[in-house]
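Remarks on the structure that follows.
The values are calculated or read from the model by the stated rules, or taken from the named source; none is laboratory data. Everything numeric here is computed off the predicted structure, so don't read it as measured data. We place every Cβ from the backbone using ideal geometry, glycine too, and count neighbours over all the protein chains shown.
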Amino acid sequence: DSGVTQTPKHLITATGQRVTLRCSPRSGDLSVYWYQQSLDQGLQFLIQYYNGEERAKGNILERFSAQQFPDLHSELNLSSLELGDSALYFCASSVDVTGTGAFGYTFGSGTRLTVV
Amino acid sequence: AQKVTQAQTEISVVEKEDVTLDCVYETRDTTYYLFWYKQPPSGELVFLIRRNSFDEQNEISGRYSWNFQKSTSSFNFTITASQVVDSAVYFCAGGGNAGNMLTFGGGTRLMVKP
């Protein structure tokens, strides 16, 4: 157990629908990162929050949004889902804002989203 | 901008062979950090090692060893006497103090056959 909790583990939904992925960071970590890993693709950075504020944005579609709550858990909202959104979505956390500390990122086990 | 290149997309070896996974990190930062992560078939990402740009000492941990050469921007990972359980996708990642996130390479899929 890495200490980063992602729910749900699996999600199957239809095109056009909206889903919410949840992440609880490791205790003490202030940064949360969201990554998308499509089939046979590397890790694509989506967005980072640090202590409740958005810090960096990557290749995140306008249909996707995220937030980090006062208790530091984060949610990634995906709307108007398309078949191509099917992927493994990872949440990671780090104690610092850069993620380059002693252990880098600690990853959750991911949410596998399947859009049918 | 920073760039992480893992030129080997897939490597296949027979058990007990040694294998080296290559990683090249390009950045203008003078201080930066490099990481390796392992993603086994079960899907989770497991931290293996972190190295800062000032430390060019090789590191060995059991069957794993890492060789960092700042002059060539390479941070290579060697598995000695590979085992079937080493089969996974391995990601190299890098980041600098000025950056807000780590940049990952495309990964190298290692298949160790019995």
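The table below gives the values:
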read-out	value
Checklist (1) assigned to a strand (DSSP E or B); (2) touching a residue at least 60 places away in the same chain (Cβ under 8 Å) applied to B:F68, failing item	(2)
Check on A:T20, assigned to a loop (DSSP other than H, G, I, E, B) and either of a type outside the set (A, V, I, L, M, F, W, C) or surrounded by 13 or more Cβ atoms within 10 Å (Cβ to Cβ) (or both)	no
Residues that are surrounded by fewer than 16 Cβ atoms within 10 Å (Cβ to Cβ) and closer than 21 Å to B:V14 by Cα, drawn from the range B:64-96	B:T80, B:A81, B:Q83, B:V84, B:V85
Selection status of B:Y37, among the aromatic types (F, W, Y), under 26 Å from A:Q48 (Cα atoms) and in contact with a Gly (Cβ under 7 Å, 6 or more places away or on another chain)	no
Any chance B:F47 is surrounded by fewer than 20 Cβ atoms within 10 Å (Cβ to Cβ) and either in a strand (DSSP E or B) or in contact (Cβ under 8 Å) with a residue 24 or more places away in the chain (or both)	yes
Meets criteria (modelled with pLDDT under 90, surrounded by 13 or more Cβ atoms within 10 Å (Cβ to Cβ) and of a type in the set (S, T, Y)) for A:S74	no
Number of positions in the range A:73-92 that are touching a strand residue (DSSP E or B) at 6+ places or on another chain (Cβ under 7 Å) and more than 11 Å from A:Y35 (Cα to Cα)	10
Residue in the range B:33-44 that is without any contact (Cβ under 8 Å) to a residue 40 or more places away in the chain, loosely packed, with under 13 Cβ neighbours inside 10 Å and over 28 Å from A:H10 (Cβ atoms) present	no
Failed item in (1) over 20 Å from B:W36 (Cα atoms); (2) within 14 Å of chain B (Cβ to nearest Cβ); (3) crowded, with 23+ Cβ neighbours inside 10 Å, with A:A92 passing the rest	(1)
Residues satisfying the stated conditions in the range B:28-62, i.e. in contact with a Leu (Cβ under 7 Å, 6 or more places away or on another chain) and more than 8 Å from chain A (Cβ to nearest Cβ)	B:W36, B:K38, B:Q39, B:R51
Matching option when the condition is within 14 Å of chain B (Cβ to nearest Cβ), part of a strand (DSSP E or B) and surrounded by 12 or more Cβ atoms within 10 Å (Cβ to Cβ), among A:Q41, A:Q67, A:Q48	A:Q48
Only listed residue being aromatic (F, W, Y), closer than 28 Å to A:Q44 by Cβ and in contact with a Ser or Thr (Cβ under 7 Å, 6 or more places away or on another chain), chosen from B:Y37, B:Y64, B:Y33	B:Y33
Verdict on B:S12 being farther than 20 Å from A:F90 by Cβ and not in a loop (DSSP other than H, G, I, E, B)	yes
Where A:S31 falls short, out of the listed (1) modelled with pLDDT under 95; (2) more than 13 Å from every other protein chain (Cβ to nearest Cβ)	(2)
Residues that are closer than 15 Å to B:L21 by Cβ and within 14 Å of chain A (Cβ to nearest Cβ), drawn from the range B:89-114	B:V89, B:Y90, B:F91, B:C92, B:A93, B:G94, B:F104, B:G105, B:G106, B:G107, B:T108, B:R109
